[in-house]
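Structure record follows, encoded as structure tokens.
The values are calculated or read from the model by the stated rules, or taken from the named source; none is laboratory data. Bear in mind the structure is a predicted one, so any value in this text is a computation, not a measurement. Methodologically, a virtual Cβ is constructed for each residue, glycine included, from the backbone with ideal geometry; neighbour enumeration extends over all protein chains shown.
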Amino acid sequence: MQHHIARKGFYEFRQRLTTKIVSSCGTVVLTDQWFPSSKTCHNCGRINQKLKLKDRTFDCPHCGMKIDRDLNATLVLSQYGEFNEKNRVGCARIYACELEEGSLPG
Ligand SMILES: [Zn+2]
């Protein structure tokens, strides 16, 4: 029951945030909750399986890209939004938000 309430609270928060961002001409990108935005390299697209939560710098073992972890995840989600139009809500700037499984918009 607590889990259900927490999910419902998150859903309502996300709806309000989406409404606010879209009304200011922003864009929200919705992804599956398991989308590996932190572990995917924005430069080469490959996944760094060894990245741990404590690692604050994304260091790609495949192409050598070294970048702040959060900035990398932001760039990955932005690229995801560019190529997955159906997962976007809004018009210009792109923000990121988790999407519950099976609740794609439209
Ligand atoms: Zn890379």
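Structure data summary
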read-out	value
Test for His62: is it within 16 Å of the chain's Cα centre (by Cα), assigned to a loop (DSSP other than H, G, I, E, B) and near the ligand (Cβ under 9 Å from one of its atoms)	no
Only listed residue being among the hydrophobic types (A, V, I, L, M, F, W, C), more than 16 Å from Ala73 (Cα to Cα), away from the ligand (no atom under 16 Å from the Cβ) and in contact with a strand residue (DSSP E or B) (Cβ under 6 Å, 6 or more places away or on another chain), chosen from Ile21, Ile5	Ile21
Only one of Cys91, Cys97, Cys63 that is at pLDDT below 85 and touching a Lys or Arg at 6+ places or on another chain (Cβ under 8 Å)	Cys97
Qualifying residue in the range 69-80 (condition: part of a loop (DSSP other than H, G, I, E, B) and either modelled with pLDDT under 90 or away from the ligand (no atom under 16 Å from the Cβ) (or both))	no
Residues satisfying the stated conditions in the range 42-89, i.e. of a type in the set (D, E, K, R) and within 21 Å of Asp32 (Cβ to Cβ)	Arg46, Arg69, Asp70, Glu82, Glu85, Lys86, Arg88
Sole exception among (1) touching a strand residue (DSSP E or B) at 6+ places or on another chain (Cβ under 9 Å); (2) more than 9 Å from the ligand (Cβ to nearest atom); (3) not basic (Lys, Arg) for Gln49, by number	(1)
Count - residues of the range 24-37 that are assigned to a loop (DSSP other than H, G, I, E, B), within 18 Å of Gln79 (Cβ to Cβ), hydrophobic (A, V, I, L, M, F, W, C) and in contact (Cβ under 8 Å) with a residue 12 or more places away in the chain	1
